[in-house]
Amino acid sequence: MALSVSELASQAGISPDTVRYYGRLGLLPETGRTDGGHRFYDESALERVRFIKGAQWFELRLEEIRELLEVFDAGACPCGHTREVILGRIAAIDEQRVRLDEIRGALCRLLGGDRALVLPSDGHANRGSEEMIKTLTTTVAREAEDAADCGCCQPPPPPTLEDEVRELHARREAVERRLAGLRGVRR
């Protein structure tokens with residue numbers, strides 16, 4: 001059954017522009033064109049879009065998703081490549097978490113009235129940003145003088161090892177289901 005761009009978009013819950021964008025990136029090859037020159041796709045395109053959206057939920061970049069789809073399309077075993085992409089994404093999340101913790105700590109110090117705010121250590125702070133931070137620190141400190149300690153600056157409890165293992169298993173199962181669905185579509 002042939003699906004037009006708008007039919008595929010509607011069934012996948014995305015916009016027609018997104019379908020066209022995926023096509024331009026090579027994520028979604030068109031099945032063909034009508035006599036009028038309009039793109040059409042077969043039913044496997046719907047599963048492919050669902051795979052793309054699922055991978056995006058895991059915050060995989062479109063380039064990483066394209067690489068995975070190329071491995072699938074070549075008929076090669078995707079396990080090793082998929083593992084490397086996922087491990088890379090986990091490392092990126094860990095780096096982002098550290099950076100966000102640094103930002104959160106700096107913001108909490110602002111709320112707590114600590115006038116010795118630590119500037120980012122990335123070497124990009126300039127005189128203008130130092131003055132802006134001093135102004136912000138002074139303003140927040142004045143407003144926070146009357147505020148009670150609400151405890152918002154307490155770090156959340158770290159996840160237990162069991163929580164992390166459960167989360168990783170759930171993510172792995174979701175990826176495996178999507179991979180199995182994509183493999184089933186190719187047959």
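The values are calculated or read from the model by the stated rules, or taken from the named source; none is laboratory data. Only a predicted model underlies this, so the values are computations on that prediction, with no experimental measurement involved. Reconstructed Cβ throughout: ideal geometry from the backbone, glycine too, with neighbour counts over all protein chains shown. Surface areas here come from the heavy atoms of the whole protein model, side chains and all, with no ligands, DNA or RNA. Shrake-Rupley method; radii C 1.70, N 1.55, O 1.52, S 1.80 Å.
How about the stretch 19-56: which of its residues are of a type in the set (K, R) and either assigned to a helix (DSSP H, G or I) or under 24 Å from I86 (Cβ atoms) (or both)?
Within the stretch 19-56, R20, R24, R48, R50, K53 meet the criteria.
Quick one: in the stretch 1-18, which of the residues that are modelled with pLDDT of 90 or more and assigned to a loop (DSSP other than H, G, I, E, B) is surrounded by the fewest Cβ atoms within 10 Å (Cβ to Cβ)?
G13
Considering only residues of the stretch 80-92 that are open to solvent by 50 Å² or more (accessible area, probe 1.4 Å) and of a type in the set (A, V, I, L, M), which is nearest to L69 (Cα to Cα)?
I86
Being aromatic (F, W, Y) and farther than 15 Å from E30 by Cα is the filter here; which residues of the stretch 41-58 pass it?
F51, W57, F58, listed by residue number.
Considering only residues of the stretch 150-184 that are over 30 Å from E102 (Cα atoms) and acidic (D, E), which is modelled with the highest pLDDT?
By that ranking, first place goes to E173.
What number of residues within the stretch 68-79 satisfy the criterion of being assigned to a helix (DSSP H, G or I), in contact (Cβ under 8 Å) with a residue 12 or more places away in the chain and either more than 14 Å from P29 (Cα to Cα) or under 12 Å from the mean Cα position of the chain (by Cα) (or both)?
1
Name every residue in the stretch 59-70 that is of a type in the set (A, V, I, L, M) and either exposed (fewer than 14 other Cβ atoms within 10 Å of the Cβ) or at pLDDT below 85 (or both), in order of residue number.
Those that are of a type in the set (A, V, I, L, M) and either exposed (fewer than 14 other Cβ atoms within 10 Å of the Cβ) or at pLDDT below 85 (or both): none in the stretch 59-70.
If we keep just the residues of the stretch 35-58 that are farther than 15 Å from R178 by Cα and not small (G, A, S), which is modelled with the highest pLDDT?
Only one residue fits best here, namely Y41.
Test E47 against the criterion of being in contact with a helix residue (DSSP H, G or I) (Cβ under 6 Å, 6 or more places away or on another chain) and in contact (Cβ under 8 Å) with a residue 60 or more places away in the chain, and give yes or no.
Criteria met by E47.
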